[in-house]
Amino acid sequence: MDDVQCFCELIPKIELHAHLNGCIRSSTFRQLLSSPTDQTRLDTLDKEFSVGDTHARMANVFEKFSLLRSCVTNLDDIRRIARETLEDFISDNVIYAELRTRPRSFHNGKIPSSSYIEAILDIMKKYEEKICSRLILSIDRTQTLEQAMETLKLAENYRTHIVGLDFSGDPNIKSFERFRPVFDLAKQINLSTTIHIGELPDKECINENNLIIDYKPTRLGHFNFRTNDQEQRVLKEQIPLELCPTSNLLTMNLLDLTEHHFDLFYKNKHPLAICTDDSGLMNCNLSSELFQVVQTFHLTKKELYEFIFQTSNLIFDKNMIEFCQKKLNIFSQQSNLF
Ligand SMILES: [Zn+2]
């Protein structure tokens with residue numbers, strides 16, 4: 001194996017943008033699909049995965065998500081997804097991971113969303129020795145304000161392991177303004193926030209970018225489509241970005257990373273994290289994402305190390321920064337980096 005590729009695999013890594021359901025192993029996804037109709041639908045979606053423009057590709061991803069959502073029907077399913085996700089991150093030498101998920105209930109509310117959260121947190125605690133993992137709760141663009149408020153309350157109730165609030169879902173629905181009160185409350189209680197921004201090239205999406213930047217979340221996700229002015233504001237205000245190479249290439253319809261905005265922000269020494277988004281659905285892992293970046297932009301091993309080190313400052317659980325940096329220090333000494 002390539003020496004640099006090997007280095008990307010061995011270096012302790014930090015994952016900050018991973019949707020728990022999107023991390024599902026494809027074998028598990030297939031097993032959870034009960035009907036032959038769903039199986040056939042997944043086959044078709046897989047085949048059409050990288051076809052069409054940004055809108056078509058996004059639609060494909062979101063249809064997969066809703067198919068996945070329909071086949072996760074009980075707490076055992078989500079426990080299994082959480083367990084396998086953490087195992088996959090551990091074998092990829094990820095030392096700290098923030099996983100995000102939208103709380104849900106099962107069996108018409110008989111199993112409440114608090115049980116869903118607890119099931120995931122239990123698994124996270126079981127793996128604590130091998131990986132430090134934290135949860136971010138997602139508010140979906142299609143939800144009601146009331147549901148979003150419930151999500152905020154849930155986050156408040158489990159503050160030790162829930163470290164933030166995310167805003168995500170189908171970007172065709174421009175609803176950040178509607179949820180702004182919830183995100184204002186999050187700020188008031190010092191709960192970190194991360195917002196998906198600039199996912200579509202259309203005018204409404206670009207306009208919504210301004211509202212999101214005005215709010216100034218703790219971190220931003222993607223920022224694929226933006227104006228020069230928006231770019232300058234994010235640079236000036238130093239709002240950290242979570243960039244997900246494979247996912248971004250797919251939705252931006254790019255062949256490789258050369259035109260990806262990593263370069264621009266990296267050259268400006270902007271706070272950045274490289275992440276996987278949906279490692280299961282996108283068939284990638286954090287090592288392969290980093291390797292792509294290193295190869296395209298010719299980063300040295302030392303530069304990659306320094307890059308991951310600066311990412312450690314962006315984690316939501318500030319108590320764990322020292323833990324991450326210690327692990328990285330040990331690794332640098334062992335590999336004679338400096
Ligand atoms: Zn995402």
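Quick look at the numbers
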read-out: Scope the range 263-306; condition polar (S, T, N, Q), assigned to a helix (DSSP H, G or I) and open to solvent by less than 10 Å² (accessible area, probe 1.4 Å); matching residues; value: S287
read-out: The range 239-262: number of residues that are assigned to a strand (DSSP E or B) and out of contact with any Gly (no Cβ under 6 Å at 6 or more places or on another chain); value: 2
read-out: Qualifying residue in the range 154-163 (condition: open to solvent by less than 10 Å² (accessible area, probe 1.4 Å), touching a strand residue (DSSP E or B) at 6+ places or on another chain (Cβ under 7 Å) and over 18 Å from A119 (Cα atoms)); value: no
read-out: Residue match in the range 175-187 (condition: at pLDDT below 95 and farther than 21 Å from A273 by Cβ); value: yes
read-out: Unique residue being of a type in the set (G, A, S) and buried (at least 21 other Cβ atoms within 10 Å of the Cβ) when the list is S175, S138; value: S138
read-out: E150 loosely packed, with under 14 Cβ neighbours inside 10 Å, acidic (D, E) and either assigned to a loop (DSSP other than H, G, I, E, B) or away from the ligand (no atom under 16 Å from the Cβ) (or both); value: no
read-out: Residue list for the range 135-153, restricted to those being within 13 Å of I117 (Cα to Cα) and of a type in the set (G, A, S); value: S138
read-out: Lone qualifier among A82, A119 - being touching a Lys or Arg at 6+ places or on another chain (Cβ under 8 Å) and open to solvent by less than 40 Å² (accessible area, probe 1.4 Å); value: A119
read-out: Subset tally (residues that are assigned to a strand (DSSP E or B) and of a type in the set (D, E)) for the range 100-146; value: 1
read-out: Considering residues of the range 15-28 that are open to solvent by 10 Å² or more (accessible area, probe 1.4 Å) and at pLDDT 95 or above only, the residue farthest from the ligand (Cβ to nearest atom); value: R25
read-out: Any hit, the range 181-197, residues being closer than 23 Å to I308 by Cβ, more than 20 Å from the chain's Cα centre (by Cα) and either free of Cβ contacts under 8 Å to residues at least 60 places away in the same chain or in a helix (DSSP H, G or I) (or both); value: no
read-out: Number of the exception - L185 against (1) away from the ligand (no atom under 16 Å from the Cβ); (2) hydrophobic (A, V, I, L, M, F, W, C); (3) open to solvent by less than 20 Å² (accessible area, probe 1.4 Å); value: (3)
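Results for (1) open to solvent by 20 Å² or more (accessible area, probe 1.4 Å); (2) within 14 Å of the ligand (Cβ to nearest atom); (3) β-branched (V, I, T), shown as yes or no for each residue.
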| residue | (1), (2), (3) |
| --- | --- |
| K216 | yes, no, no |
| R219 | no, yes, no |
| T227 | yes, no, yes |
| R233 | yes, no, no |
| L241 | no, yes, no |
| T246 | yes, yes, yes |
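The values are calculated or read from the model by the stated rules, or taken from the named source; none is laboratory data. Note that the structure is predicted; figures quoted are calculated from it, not measured. No Cβ is skipped: glycine too gets one built from the backbone with ideal geometry, and neighbour counts run over all protein chains shown. Side chains included, ligands, DNA and RNA excluded: accessible areas come from the protein's heavy atoms. Shrake-Rupley method; radii C 1.70, N 1.55, O 1.52, S 1.80 Å.
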